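The values are calculated or read from the model by the stated rules, or taken from the named source; none is laboratory data. These numbers were taken from a predicted model, which means no experiment stands behind them. Cβ placement follows ideal geometry from the backbone for every residue including glycine, while neighbour counts extend to all protein chains displayed.
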Amino acid sequence: MKPKCMPLKTTFRMLKHGAVVTGVWMLFAGQLWSQSQGAISGTVMTKASGSRPVRLTIDQRVCGNALQDEGIVVDAAGHLANAVVTLVGVKAPNGNPAAAGVMNEKCRFSPHVQVVKPNAMLTTSSADPVLHTTNAQTESGKSLFNVAVPVPGIKINKPVHGAGMVRLSCNTHPWMKGWVVVTDDVTVVTGADGAFTLPEVPPGKYELRVWHESLKGATQTVVVSAGQPAKVTFELR
């Protein structure tokens, strides 16, 4: 007996129904997975005073007569910016950035602090019509690269090998400083409000570490429960 062909309209209806069921199941599964995860959020504080402006003596036409030192950036309530918060030993699920950029702009490095994975490519460039250099060194003083950025628009790519804190400086403008945090671990940088959030953290006990370029770092043990954010506050001195 010759098999009957299913009407085209019926076939489309069944396919559509199957797609809807699949979509609903994926949404449900995603919600279940999300509910099985926790999160860590908090604030980094300090009672230290913010850094004072630096008086400039060269290239004032471009740089101005003074710039705010970014060594300690804190608001009136004590919220600390540019603190680096790391979930120790926990790899970033999607990986930290494999490429990043640092701009010499108005005689400062922008961004001041950023996070990349080991062996990431760092692109250094300039928006200023003066000679800059981007001098990258490890905390121990080992030179990674030192390149001149003589004109606006030029872009120079350099790899950042290994893990740890990389300090950026400019040979011609000694007040310029920046940091690149090289790590595979889950890591974020606090904004002007001192706040941070680490989403989708599996339940468990973790070590949370805070680093800052000018203040003493700190660590806390944090317990994460499913579906609930763990709240922490750090005060650096």
**Asked** Are any of the residues in segment 170-180 closer than 17 Å to Leu122 by Cα, in a strand (DSSP E or B) and aliphatic (A, V, I, L, M)?
**Response** yes
**Asked** Out of curiosity, is His212 surrounded by 14 or more Cβ atoms within 10 Å (Cβ to Cβ), over 14 Å from the mean Cα position of the chain (by Cα) and either on the phi < 0 side of the Ramachandran plot or of a type outside the set (A, V, I, L, M, F, W, C) (or both)?
**Response** no
**Item:** Subset of segment 203-228 [farther than 21 Å from Glu70 by Cα and acidic (Asp, Glu)]
**Value:** Glu207
**Prompt:** Of all the residues that make up segment 215-233, how many are surrounded by 15 or more Cβ atoms within 10 Å (Cβ to Cβ) and within 30 Å of Met103 (Cα to Cα)?
**Reply:** 2
**Request:** Count, please, the residues in segment 227-237 that happen to be at pLDDT 95 or above and outside any strand (DSSP E or B).
**Result:** 1
**Prompt:** Are any residues in segment 202-221 outside any loop (DSSP other than H, G, I, E, B) and under 23 Å from Gly164 (Cα atoms), and if so, which ones?
**Reply:** Tyr206, Glu207, Leu208, Arg209, Val210, Trp211, Ala218, Thr219, Gln220, Thr221
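If only one of Pro93, Pro111 is in contact with a Gly (Cβ under 9 Å, 6 or more places away or on another chain) and closer than 30 Å to Pro199 by Cβ, which one is it?
Pro111
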**Prompt:** Of the residues Trp33, Trp25, which single one is modelled with pLDDT under 95 and either within 30 Å of Val116 (Cα to Cα) or β-branched (Val, Ile, Thr) (or both)?
**Reply:** Trp33
**Prompt:** strands (runs of 3 or more DSSP E) wholly in segment 55-150 with at least 1 residues that are crowded, with 18+ Cβ neighbours inside 10 Å and either under 20 Å from the mean Cα position of the chain (by Cα) or at pLDDT 95 or above (or both) - which ones?
**Reply:** 84-91, 99-105, 108-110, 113-116, 120-126, 132-138, 143-149
**Complete:** Picked from segment 41-54 (must be loosely packed, with under 12 Cβ neighbours inside 10 Å and in contact (Cβ under 8 Å) with a residue 24 or more places away in the chain), the residue farthest from Glu207 (Cα to Cα) is Ser49
